[in-house]
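What follows is a single structure, written as structure tokens, with notes after it.
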There are 2 protein chains.
Amino acid sequence: MTLEAPYGNRKTGEQRLTKGCRRVLAALEQMDNLTSAQDIHGMLRQSAPEAPGLTTVYRSLDSLVALGLVQSVDIGDGEKRYELVVPGEHHHHLICQHCRASIHLDECLVANLEQSIMSQYGFVIRHHVLEVFGLCANCAEMEMTTK
Amino acid sequence: MTLEAPYGNRKTGEQRLTKGCRRVLAALEQMDNLTSAQDIHGMLRQSAPEAPGLTTVYRSLDSLVALGLVQSVDIGDGEKRYELVVPGEHHHHLICQHCRASIHLDECLVANLEQSIMSQYGFVIRHHVLEVFGLCANCAEMEMTTK
DNA sequence: AATCCAAATGGAAATCGTTTTCATACTACT
DNA sequence: AGTAGTATGAAAACGATTTCCATTTGGATT
């Protein structure tokens, strides 16, 4: 008669998301762009003072990445960014250095090459990083006309 | 009759490498693998107590990267690595997560796609990051036989 | 409902690569 | 030699992330 256990059931091994994870996930659903842990924390705290602490945000992000619901993106400034992904998948970006917009690439360039890398080098790929930096169409045009 | 100015000549605009840059460059020539700033510093100091300080190593690396003689590589652990490159060129790696070896890829996968990315998204590429992580042939085999 | 255990949480302190600051040493040109 | 602009070094500052540790919470057991 009791509501089922929100963190999961130990007997069945059912494992649900912790409160922290759910809050972080909810925050990421609001964002349409790459977001840092500190941004997520700030955003959550702003809308609710009892929101998870920064430590919990970091821990939750780790869990969500491990679960394949979120991917972390390294844009080279020493601050990791996060975003939702289709569970278990990943994608890469074109990142505009002017307006910070990130465009998803719908195809992974490396996937095509896994086979040839494997056979050419005997290298077993576990994961890879690919990000492209430059100017998006808008900003590139602005740059042109401003000059 | 005097030797020409070792830092360069202001009139001609000739610009040579500073002592720090030369030392760092020499260190990089010794390495056959990706190296961190702190490693370079430690190595230089070990062989000569009057070697450049850490700050100078960082500054020299920045200069060398700007000059296109060195590239910095982000392997995702928060510590940048550096290596010599064919001046003005770049390359990517297969990085073994077990023995830390890095295998140079002789071809840049992104170069082929610049055109199509440009025309499909209007995105102007300035640079990109691509690193592949996994196990090199040796380590992959070891992993197999150990199990 | 009372209790116990494991997991989750929060805040403060610690880490650690890198950058800044600022005073000093060097170099090139006059 | 004199001066201005660089280069350099050590120490302090920075900032994202992790670690510590004490507390709370949730789930199972009685």
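The values are calculated or read from the model by the stated rules, or taken from the named source; none is laboratory data. Keep in mind it's a predicted model, so treat the numbers as computed, not measured. Note: ideal-geometry Cβ built from the backbone for every residue, glycine included; neighbour counts use all protein chains shown. Just the protein is used for accessible areas: all its heavy atoms, side chains included, with ligands, DNA and RNA removed. Shrake-Rupley method; radii C 1.70, N 1.55, O 1.52, S 1.80 Å.
Observations, loosely collected:
- Inter-part distance where region A:24-78 and region B:28-46 are each reduced to a Cα centre, Å: 36
- Label-point separation, A:T55 to A:E114 (7 Å along Cα→Cβ), nm: 3.8
- GNM result for chain A, Cα springs below 10 Å: residue of A:H91, A:H128, A:H104 fluctuating most strongly: A:H128
- Cα radius of gyration and Dmax for the protein assembly as shown (Å): 23.4, 99
- Max-minus-min Cα coordinates of region B:32-95 on each principal axis give 34, 25, 20 Å, with the largest extent listed first.
- Among the GluC sites (Glu not before Pro) within region A:61-147, those in coil by DSSP and having at most 12 neighbouring Cβ atoms inside 10 Å are A:E79, A:E89, A:E107.
- For A:R16, the label point sits 7 Å beyond Cα toward Cβ; its separations from the matching points on the remaining copies run 7.2 nm, from shortest to longest.
- In chain A, the DSSP beta bridges split such that about 75 percent are antiparallel, to the nearest 5.
- When the helices of chain B are scored as -39500 (n - 2.57) per DSSP H run of n ≥ 4 and the total is divided over every residue, the value at 222 nm lands at -12500 deg cm²/dmol.
- Taking the longest Cα principal axis of chain A as reference, the axis of helix A:137-146 is set at about 50 degrees.
- Most mobile of B:L64, B:L84, B:L109 in a GNM of chain B (Cα contacts under 10 Å): B:L109
- Cα gyration tensor shape of chain A, rounded if a/c is under 1.5, else prolate or oblate by comparing a/b with b/c: oblate
- Sum of side-chain charges, B:F123 neighbourhood, beta-carbon under 13 Å (Lys, Arg +1; Asp, Glu -1): -3
- With Cα atoms, 0 to 90° folded angle of helix A:19-30 axis to chain A main axis: 40
- Cβ-derived FRET efficiency at R0 35 Å, A:R16 paired with B:A66, nearest 0.05: 0.10
- Using only side-chain charges placed at the Cβ, +1 for Lys and Arg and -1 for Asp and Glu, the dipole size of the protein assembly as shown relative to its Cα centre rounds to 960 debye.
- Placing a label point 7 Å from Cα along the Cα-to-Cβ direction at B:A137 gives distances to the equivalent points in the other copies of 4.5 nm, listed shortest first.
- Helix axis angle, B:54-67 relative to chain B longest principal axis, alpha carbon, degrees: 80
- Between the residues A:L113, A:L25, A:M144, the greatest Cα displacement towards the positive end of the dipole of chain A, with unit charges on the Cβ of Lys, Arg, Asp and Glu, is found for A:L25.
- Per-copy distances of the B:E79 label point, shortest first, in nm (7 angstrom along Cα→Cβ): 2.4
- Cα-Cα separations in region B:91-147 greater than 20 Å, expressed as whole percent: 44
- When you filter the trypsin sites (Lys or Arg not before Pro) in region A:7-106 for DSSP loop state and at most 10 other Cβ atoms inside 10 Å of their Cβ, you are left with A:R10, A:K11.
- Summary of the geometry: region A:82-107 and region A:130-147, compared by the centres of their Cα atoms, lie 17 Å apart.
- Protein accessible area in region B:91-147, 1.4 Å probe - carbon and sulfur %: 55
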